[in-house]
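Q: Just passing along the structure, written as structure tokens.
The values are calculated or read from the model by the stated rules, or taken from the named source; none is laboratory data. All of these numbers come straight from a predicted model, not from anything done at the bench. When we count neighbours, we look across all protein chains shown, and the Cβ atoms used for this are built from the backbone with ideal geometry, even at glycine.
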Amino acid sequence: MSNTNAGFLREQLIQSLSDEEIATLGQEVKKNFGLRAKGGEALKVVNAKKLFSFLHFKIFGTRGDRERYVTRVVESMDKVKEFIHGLPSAPIFKVKDEYPQMPQNLIISNEGAGTVVVRFHAWKRLIERWPGRLAHNPPEVVAKILQDSFAGATPTTLARPHRVTRLINNDFVQAEYYINARAQLRFVVSTENGRKALVTVERPY
């Protein structure tokens with residue numbers, strides 16, 4: 001498994017945890033790897049493969065097969081949470097993020113998806129994952145980049161194991177996926193109250 005794949009799955013793992021669980025696991029990772037990162041930030045700065053190897057050892061008692069230990073941990077979130085809940089709790093440190101203000105009722109379009117409303121979570125994720133700094137650009141510039149990159153994305157699917165895991169983690173809410181290979185971004189579209197919404201922007205496998 002490549003570092004990119006492990007890094008992407010680390011993001012999925014973090015997103016499936018509560019703030020309290022992130023803080024607690026981050027504290028344990030910080031202690032074990034001698035990191036200076038504060039709170040849950042340790043989960044983002046530690047090498048992704050080392051993080052999964054650490055979790056595999058704590059959960060299953062072995063370092064695991066190199067081809068399987070990452071996905072095995074991702075597919076065992078109940079065991080990951082059980083491990084976390086057995087650790088000493090940690091304070092939650094919130095880091096204030098600065099983002100350009102998202103235009104109200106922002107709507108973008110794609111030939112395959114049609115028109116979709118943009119959620120603020122997706123707006124933030126685009127800014128964080130765009131291959132270049134967007135945080136200090138005017139909102140209209142970010143909105144145009146989002147529209148152009150989404151318009152240039154084509155429909156895609158996830159590999160079955162990842163699709164099933166995500167479906168379970170998202171309470172069985174189906175999603176559509178569109179990938180922009182040039183920007184190396186995947187757009188996740190879900191249906192909310194009969195209307196399509198862009199719920200997040202992520203890096204593809």
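Q: Counting just the residues of the range 33-50 that are within 19 Å of residue 63 (Cα to Cα) and exposed (fewer than 15 other Cβ atoms within 10 Å of the Cβ), which one comes out modelled with the highest pLDDT? Walk me through how you get there before you give the answer.
A: As a first pass, look at the range 33-50 and keep what is within 19 Å of residue 63 (Cα to Cα): 33, 43, 46-50.
Filter again for exposed (fewer than 15 other Cβ atoms within 10 Å of the Cβ), leaving 47, 50.
On the way: 47: 87, 50: 90.
So, considering only residues that are within 19 Å of residue 63 (Cα to Cα) and exposed (fewer than 15 other Cβ atoms within 10 Å of the Cβ), the one modelled with the highest pLDDT is 50.
Q: Given the options 108, 145, name the one that is in a helix (DSSP H, G or I), aliphatic (A, V, I, L, M) and over 30 Å from residue 30 (Cβ atoms).
A: Details: 108 fails: in a helix (DSSP H, G or I).
It is 145.
Q: Taking residue 56 as the residue in question, decide whether it is surrounded by 12 or more Cβ atoms within 10 Å (Cβ to Cβ) and farther than 30 Å from residue 195 by Cβ.
A: yes
Q: So for the range 59-82 (the condition being in contact (Cβ under 8 Å) with a residue 12 or more places away in the chain and either in contact with a strand residue (DSSP E or B) (Cβ under 8 Å, 6 or more places away or on another chain) or within 17 Å of residue 31 (Cβ to Cβ) (or both)), does at least one residue qualify?
A: There is no residue in the range 59-82 that is in contact (Cβ under 8 Å) with a residue 12 or more places away in the chain and either in contact with a strand residue (DSSP E or B) (Cβ under 8 Å, 6 or more places away or on another chain) or within 17 Å of residue 31 (Cβ to Cβ) (or both).
Q: Using beta carbons and a limit of 8 Å, which pairs, at least six apart or on different chains, have the first residue in the range 193-204 and touching a residue at least 24 places away in the same chain (Cβ under 8 Å) and farther than 23 Å from residue 182 by Cβ and the second one part of a loop (DSSP other than H, G, I, E, B) and basic (Lys, Arg)?
A: Matching pairs, first to second residue: 197/119.
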